[in-house]
Amino acid sequence: KIETKVGGEIAIDAKGLFRDASSGILNKGPWPMKVGQKTQFTIHWVITNYATDVSGVSVRTFLGGNVEMIGQPKSSIASLPLYNKNTQELIWEIPDIAATKGIVGAPLEAIFQVEATPSLTNAGHEMILIKGTEIRATDAFTGEILTATDDSVSTNDLDDPTVKSSEGIVKQ
């Protein structure tokens, strides 16, 4: 008897927006950003799960310098991202995700708002809103740990079609 188990795959996409009316969150502040003035952004975490059910899902990131989470996060499921103000870490724990979630039907999504306050040292540079995002889950079929990452989100690479990436540099 030969048995072959085919493992699943999970993906995370971290997106940043300045104008995000569809989320129901109104961001405020100057754009382009200015030293000493607060500007708000929304971050979307979008999870796609491919071939197998997964459990023990954990999504994590750290906020950039001079960035804090504000407001209440939203999610397409019951669990919400939690923010640890002392460590600047955001964690979204999800008990399980069915196979093909995001392939067949809508993906799981969490949305949270951050506020960046550029200092003088940020002038002439972009600001990192969130550092790289990592997702970890256990494949229910193989028992293997699945991981995936996405790059940091900065003010110079927003997924917002209403702003130009060149405007993401902090002005004095």
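The values are calculated or read from the model by the stated rules, or taken from the named source; none is laboratory data. Worth saying up front: this structure is predicted, and the values here are computed from it rather than measured. Reconstructed Cβ throughout: ideal geometry from the backbone, glycine too, with neighbour counts over all protein chains shown. Only protein heavy atoms, including side chains, enter the accessible area calculation; ligands, DNA and RNA are left aside. Shrake-Rupley method; radii C 1.70, N 1.55, O 1.52, S 1.80 Å.
Scanning segment 113-149 for residues that are open to solvent by less than 50 Å² (accessible area, probe 1.4 Å), within 21 Å of GLN40 (Cβ to Cβ) and within 15 Å of the chain's Cα centre (by Cα) turns up GLN113, VAL114, GLU115, LEU129, ILE130, THR133.
The numbered conditions (1) touching a His at 6+ places or on another chain (Cβ under 8 Å); (2) surrounded by fewer than 13 Cβ atoms within 10 Å (Cβ to Cβ); (3) of a type in the set (Gly, Ala, Ser) are all true for ALA110 except (2). Considering segment 12-35, and only residues there that are of a type in the set (Gly, Ala, Ser) and surrounded by 15 or more Cβ atoms within 10 Å (Cβ to Cβ), the residue that is farthest from ALA110 (Cα to Cα) turns out to be GLY29. Considering (1) closer than 26 Å to GLN72 by Cβ; (2) surrounded by fewer than 14 Cβ atoms within 10 Å (Cβ to Cβ); (3) in contact with an Asp or Glu (Cβ under 9 Å, 6 or more places away or on another chain), the lone condition that SER165 does not fulfil carries the number (1). Of all the residues in segment 18-73, those that are under 23 Å from MET127 (Cβ atoms) and of a type in the set (Ser, Thr, Tyr) number 4. Cβ-Cβ contacts under 6 Å between residues 6 or more apart (or on different chains), taken from a first residue in segment 28-39 that is within 19 Å of LYS164 (Cβ to Cβ) to a second residue that is basic (Lys, Arg) and surrounded by 16 or more Cβ atoms within 10 Å (Cβ to Cβ), are listed as GLY29/LYS38. Of all residues in segment 76-109, those satisfying the criterion of being over 15 Å from the mean Cα position of the chain (by Cα) and aliphatic (A, V, I, L, M) are ILE77, ALA78, ILE97, ALA98, ALA99, ILE103, VAL104, ALA106.
Only residues that are of a type outside the set (Gly, Ala, Ser) and in contact with a helix residue (DSSP H, G or I) (Cβ under 9 Å, 6 or more places away or on another chain): list them for segment 114-151, please.
Within segment 114-151, GLU126, MET127 meet the criteria.
Restricting to segment 2-21, name every residue that is under 27 Å from ALA148 (Cα atoms) and without any contact (Cβ under 8 Å) to a residue 24 or more places away in the chain. The answer is GLU3, THR4.
So in segment 75-90, with the set limited to residues that are assigned to a strand (DSSP E or B) and touching a Phe, Trp or Tyr at 6+ places or on another chain (Cβ under 8 Å), which one is most open to solvent (accessible area, probe 1.4 Å)?
Here the residue is LEU82.
The residue of segment 40-53 that is farthest from PRO107 (Cα to Cα), among those that are surrounded by fewer than 22 Cβ atoms within 10 Å (Cβ to Cβ) and of a type in the set (Ser, Thr, Tyr), is TYR50. Does segment 54-74 contain any residue that is surrounded by 15 or more Cβ atoms within 10 Å (Cβ to Cβ), farther than 12 Å from GLN113 by Cα and of a type in the set (Ser, Thr, Tyr)? Yes - at least one qualifying residue is present in segment 54-74.
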